[in-house]
Amino acid sequence: MGRGKYTEQEALDAQPEPTLESPVARVLGPRGQHLHEVVVARSLVTNEISRRLNAEDQSWFTTLAQLPPKFRSVVWVKRGSYVVVNLAEQLSDKIGGEIAMVLMPAQVKYLKQSKQWPTQYEDVLEKIPGQSPQIPAHKDA
């Protein structure tokens, strides 16, 4: 009964610790069945992980990440948000990892202040292939 309360508190208050096996990733969008396509900078992961995900010759790579059941009714993952993805264990041929934490604005601010924020995400729209810059809204005359 009280599990949701503690999970929500954990999601909001926990301080992220990105590593080479659990890097910060940017969400490109939902793909259904609690799967999200994420993009990760190649320099943020180990050589073993990039080899397993066929990303040795790319500066960025995309993979699917699964949202675990304990977070499904607690947090929502939006396109463009940042997550910490556990890439240590590949869940299947198509699913590259599991979302360990959805980063809230306060957690992103904490990472930037503690100098743990990856510099690869500073001007992310210019670097990620397939992402177009935001187009201004059309004004009717």
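Since every read-out is calculated from the coordinates, none of them should be taken as a lab result. Not measured: the values here are computed from a predicted model. Methodologically, a virtual Cβ is constructed for each residue, glycine included, from the backbone with ideal geometry; neighbour enumeration extends over all protein chains shown.
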Pairwise FRET efficiency - S73 versus K94, Cβ, R0 = 25 Å, nearest 0.05: 0.55
Going out from 0 in 5 Å bins, what whole percent of all Cα-Cα distances in the stretch 71-124 drops into each bin? 4, 16, 22, 25, 19, 11, 3, 0
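Using a 10 Å cut-off on Cβ atoms, rank the peptides 60-72, 104-116 from the highest mean neighbour count down.
Top to bottom by mean Cβ count within 10 Å: 60-72, 104-116.
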For the pair K109 and N47, how long in nm is the line joining their label points, each one 7 Å along Cα→Cβ? 4.0 nm
Residue-wise HN-Hα coupling along the stretch 73-79, computed from phi with Karplus coefficients 6.51, -1.76, 1.60 (Hz; x: Gly, Pro): 9, 9, 10, 10, 9, 9, 4
